[in-house]
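A short write-up of the structure that comes next.
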Amino acid sequence: MKTHALMLAGVAIGACIAGPALAQVTDQTNTTSLEDIVVTAQRTSQSLQQVPIAVTAVTAADLSNRQITSSLNLEAAVSNLTLTENGVSVTPFLRGVGSNQSNPNDEASVATYIDGVYIPSVTGNIFKFNNVERIEVLKGPQGTLFGRNATGGVIQIITRDPGQEPLLDASIGIGTKGIIEASAYASTGLGQNLAIDIAATFDRNGGYGKDINRNADIFKHNQLGLRSKLLWTPGETTEIRLSGDYSRLNSTGTDYQLRQGVVGADGVTSYPGKRRTNTDFKNIGDNDIYGASLRVDQDLDFARLVSISGYRHVKGNFHLDQDATPFPLVRADINQFAESYSQEVQLLSPKSSKVDWLLGGYYFHAKYAYEPLQIAGLAAAPLPSIELFGDQTTKSYSAYGQATVPILENTKLTGGLRYTHEKQDTNGRTESGGVVFPHAPIALCPGATTDCPQSQSINKLTWRVAIDQQFSDDVLGYLSYNRGIKSGGFNMINAGTPGYKPEILDAYEAGLKLQLFDRRVRLNMAAFIYDYQDIQVFNITGGGAVLTTNAAAARVHGFDADLTVKASQNLTISAGLGILDGKYTDFPNATFTPASPLQGGQSVVDATGNRMIYAPKVSGNFSVDYLVPTSMGEFGINASVSQRGKVYVAAANRLAIPSYAVVNGTLSWRSPDEHFGVQIWARNLLDKDYYLNRTEQALGDIQFLAPPRTIGVTLSVKTR
């Protein structure tokens, strides 16, 4: 602990020394100054530079310029963020903290919220961006102010509010590989106090690979998204927002191939070539997602009242040839379901208050299920198939509060506390052709011979303590200590196995936020130390069985920084840097999986001292935006690069995803009246081969590549 304290104190002292020397006189009328960014990292609107939390904010313009079109490629703008994709879901790892689990009840360690509503299922977090105002990525455990505890951090997506003036903002684009992308956003008033909008997106591609056994195109998808928001302001002190959304994804799912040098479980099949598969079973990935929310903001003079009601529904159907060979070894038909209700109430201090305080309560009710997971092929022999049914119901209640108190003229102390009570119930069974398999009575479900009902309760206290110092108008330093948890659960398709308990993460952080040279330069930095306990570890065993246990502890030392420079009125440079040193401090029972099943079965190894999974030593991004105003309109050019270091995909540190860098670029034109625009874009400009996923499993290592270089053009129109 002394070492931790000394490291963080050193950063804080550096802030004290650097602050006065680097502070600059602010000229708000300077057209080369950076615009202020407002975030809601503490559940109320604040300047990014005044929040004592490490936050990366990505604006709508950033998303467009960098060709960040969906949640799948957000890591291109956020240092120390790594996204793993399996074709039907995306799982974030932030500062090395994340979960490689894929069951519907396995909530992410990095929680995602849209307009304050929690998205519990990783299957429900693939979506396109077209009506986004900004995205905020909060780094580190968020155990106080947000609806569900999170050990890794929070991704907040804030959508646009409708306005009274009629607006149409639409675009259509075409590109190589059969890409078609269309989006539209329309908004109008429906009277003096009522406004409505609707946002729609559609995108498809014609595939960028081939299954050589079935002679079929792969890596194909069609996605449709709809979202609408109604804003009613019945009075000066009241705002009511009613939102609804729907999305549909049809794809070829997870088009895995055997890794180079691996012989499959059939003893014959090996690596089929770049972006090629060799299967006997058509992969499918279909998602239906919809939801609604109601937010009420009411100014009560003595406080501000906020109520957020949310509903989310996800249904997914996935077909997977898990052995990735042309022999019918393991055919998985996975039917997942997730449904959740949430209600949050907050009471916040009035904006005139010298003490910023917040009190809140949160209720969350969710049901997750396999309906069912069906295994066919030789793995089910002599039966035609085996059906695994499982469900989990979660009910969670939380009460929380936080206050920020001035203790000196430019020094503030923040303290927050949250208490969570949660109850989880599960049941499961195994069938074949409607016949339920009996099992011997076991201690976890005494007296049961077919189903296996179980329950567990969780009571946890989490907190935040921080002190921040405003060295000048443009320099803020802070120290913080946070504890967060990730909820536990049950192995739904392994009835009769024990449940797993929550993860616990203690984070010690020192940060510095600077605005320099008349606010032409914004530099935010943070150093952190994590103590990570009861890590939920997910293993894939023979025949596709999965099991999650609390099997590890780890520590993480790291640093991240975001830099934005307004070099001139028309030139903006942005960069991000992440450095991680994450290692397991106690992991004696890790699973070692050979590359090929012909090399033997899985075994137990000691992974203590190994690197944490999906924790690159170095990650970063760099972007340049240059505008050229002319009498014919404004021309623009953007070049961006995103880099990720090597990561291991399992604790045994055998299989890795190599390091890579991806370059995107755009050329754009906007008419003098800003009504029309053209953008020529290139994604993966250098045609880099890099892996979106690699997985160790008992049937042999499998993987799939990211899309190759794609080039296209987008035409846009905007009425005002």
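For segment 279-329, which positions are assigned to a strand (DSSP E or B) and touching a helix residue (DSSP H, G or I) at 6+ places or on another chain (Cβ under 8 Å)?
ASN287, ILE289, ARG312, VAL314, GLY316
I'm trying to understand the selection: among the residues of segment 633-650, which are over 20 Å from TYR532 (Cβ atoms), of a type outside the set (Ser, Thr, Tyr) and crowded, with 21+ Cβ neighbours inside 10 Å? Break it down stepwise before answering.
To start, the set of residues in segment 633-650 that are over 20 Å from TYR532 (Cβ atoms) comprises 633-644, 646.
Still in the list and also of a type outside the set (Ser, Thr, Tyr): 633-639, 641, 643-644, 646.
Those that are over 20 Å from TYR532 (Cβ atoms), of a type outside the set (Ser, Thr, Tyr) and crowded, with 21+ Cβ neighbours inside 10 Å: ASN638, ARG644.
Whether any residue in segment 38-48 is open to solvent by 10 Å² or more (accessible area, probe 1.4 Å), free of Cβ contacts under 8 Å to residues at least 60 places away in the same chain and under 14 Å from the mean Cα position of the chain (by Cα) is what I want to check.
No: segment 38-48 contains no residue that is open to solvent by 10 Å² or more (accessible area, probe 1.4 Å), free of Cβ contacts under 8 Å to residues at least 60 places away in the same chain and under 14 Å from the mean Cα position of the chain (by Cα).
Just the residues that are of a type in the set (Val, Ile, Thr) and touching a residue at least 40 places away in the same chain (Cβ under 8 Å), please, taken from segment 150-184.
Our first condition is that a residue be of a type in the set (Val, Ile, Thr); within segment 150-184, this holds for 151, 154-155, 157-159, 172, 174, 176, 179-180.
Result: THR151, VAL154, ILE155, ILE157, ILE158, THR159, ILE172, ILE174, THR176, ILE179.
Would you check if ASP333 is in contact (Cβ under 8 Å) with a residue 40 or more places away in the chain and closer than 28 Å to GLN602 by Cα?
Numbers: in contact (Cβ under 8 Å) with a residue 40 or more places away in the chain: yes; closer than 28 Å to GLN602 by Cα: yes.
Against the criterion (in contact (Cβ under 8 Å) with a residue 40 or more places away in the chain and closer than 28 Å to GLN602 by Cα), ASP333 qualifies.
Only residues that are open to solvent by 20 Å² or more (accessible area, probe 1.4 Å) and part of a strand (DSSP E or B): list them for segment 343-371, please.
Passing the criteria: GLN343, VAL345, LEU347, ASP356, TRP357, LEU359, GLY361, TYR363, HIS365, LYS367, GLU371.
For segment 119-138, what are the residues that are over 19 Å from VAL88 (Cα atoms) and open to solvent by 10 Å² or more (accessible area, probe 1.4 Å)?
Pass one, segment 119-138, residues over 19 Å from VAL88 (Cα atoms): 130-138.
Residues satisfying the conditions are ASN130, ASN131, VAL132, GLU133, ARG134.
Considering only residues that are out of contact with any Leu (no Cβ under 9 Å at 6 or more places or on another chain), closer than 30 Å to THR269 by Cβ and of a type in the set (S, T, N, Q), which ones fall in segment 549-604? Spell out how you get there, then give the answer.
Here is the first cut: in segment 549-604, the residues out of contact with any Leu (no Cβ under 9 Å at 6 or more places or on another chain) are 549-555, 567-568, 579-592, 594, 598-604.
When the remaining residues are screened for being closer than 30 Å to THR269 by Cβ, the result is 590-592, 594, 598-604.
THR591, GLN599, GLN602, SER603, listed by residue number.
To keep it simple, each residue is scored yes or no on (1) polar (S, T, N, Q); (2) modelled with pLDDT of 95 or more.
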residue	(1), (2)
ALA650	no, no
ARG654	no, yes
SER659	yes, yes
SER671	yes, yes
GLU674	no, no
LEU686	no, yes
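Can you name the condition, by its number, that ILE334 falls short on among (1) open to solvent by 60 Å² or more (accessible area, probe 1.4 Å); (2) within 24 Å of the chain's Cα centre (by Cα); (3) over 30 Å from GLY116 (Cβ atoms)?
Here ILE334 clears every test but (1).
How many residues are crowded, with 16+ Cβ neighbours inside 10 Å and of a type in the set (S, T, N, Q) if we restrict to segment 280-314?
4
Please go through segment 264-279 and pick out each residue that is open to solvent by 50 Å² or more (accessible area, probe 1.4 Å) and of a type outside the set (D, E, K, R).
VAL268, SER270, TYR271
Only one of THR252, THR233, THR238 is open to solvent by less than 30 Å² (accessible area, probe 1.4 Å) and either touching a Ser or Thr at 6+ places or on another chain (Cβ under 8 Å) or over 28 Å from SER121 (Cα atoms) (or both); which?
Among THR252, THR233, THR238, only THR238 is open to solvent by less than 30 Å² (accessible area, probe 1.4 Å) and either touching a Ser or Thr at 6+ places or on another chain (Cβ under 8 Å) or over 28 Å from SER121 (Cα atoms) (or both).
Report, by residue number, each residue of segment 62-121 that is closer than 21 Å to GLY291 by Cβ, in a strand (DSSP E or B) and of a type outside the set (A, V, I, L, M).
SER70, THR91, PRO92, THR112, TYR113, TYR118
Please verify whether segment 76-87 includes one or more residues that are open to solvent by 10 Å² or more (accessible area, probe 1.4 Å), among the polar types (S, T, N, Q), at pLDDT below 85 and over 25 Å from GLY225 (Cβ atoms).
No, every residue in segment 76-87 fails to be open to solvent by 10 Å² or more (accessible area, probe 1.4 Å), among the polar types (S, T, N, Q), at pLDDT below 85 and over 25 Å from GLY225 (Cβ atoms).
Six or more apart or on different chains, Cβ atoms under 7 Å: show the pairs whose first residue is in segment 254-266 and among the charged types (D, E, K, R) and whose second is open to solvent by 40 Å² or more (accessible area, probe 1.4 Å).
ARG259/TYR271; ASP266/PHE327
Identify all residues within segment 603-629 that are touching a residue at least 40 places away in the same chain (Cβ under 8 Å) and of a type in the set (D, E, K, R); write none if there are none. Outline the logic, then answer.
Here is the first cut: in segment 603-629, the ones touching a residue at least 40 places away in the same chain (Cβ under 8 Å) are 605, 607, 610-616, 618-629.
Hits for segment 603-629 are ARG611, ASP625.
Name the residues in segment 149-192 that are more than 27 Å from SER668 (Cα to Cα) and either in a strand (DSSP E or B) or open to solvent by 30 Å² or more (accessible area, probe 1.4 Å) (or both), would you?
ALA150, GLY153, VAL154, ILE155, GLN156, GLN164, THR188, GLY189, LEU190, GLY191, GLN192
Go through segment 267-276 and give me each residue that's touching a residue at least 60 places away in the same chain (Cβ under 8 Å) and part of a loop (DSSP other than H, G, I, E, B).
GLY267, PRO272, GLY273, LYS274, ARG275
Okay, residues lined up against (1) assigned to a loop (DSSP other than H, G, I, E, B); (2) open to solvent by 40 Å² or more (accessible area, probe 1.4 Å); (3) under 22 Å from GLY253 (Cα atoms):
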{"position": "SER668", "(1), (2), (3)": "no, yes, no"}
{"position": "ASP673", "(1), (2), (3)": "yes, yes, no"}
{"position": "LEU685", "(1), (2), (3)": "yes, yes, no"}
{"position": "GLN703", "(1), (2), (3)": "no, no, yes"}
{"position": "PRO708", "(1), (2), (3)": "yes, no, yes"}
{"position": "VAL713", "(1), (2), (3)": "no, yes, no"}
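The values are calculated or read from the model by the stated rules, or taken from the named source; none is laboratory data. Treat the numbers as computed from the prediction; the structure is a model and nothing was measured. All Cβ positions, glycine included, derive from the backbone under ideal geometry; neighbour counts span all protein chains shown. These area figures cover heavy atoms from the full protein model, side chains too; ligands, DNA and RNA do not enter into them. Shrake-Rupley method; radii C 1.70, N 1.55, O 1.52, S 1.80 Å.
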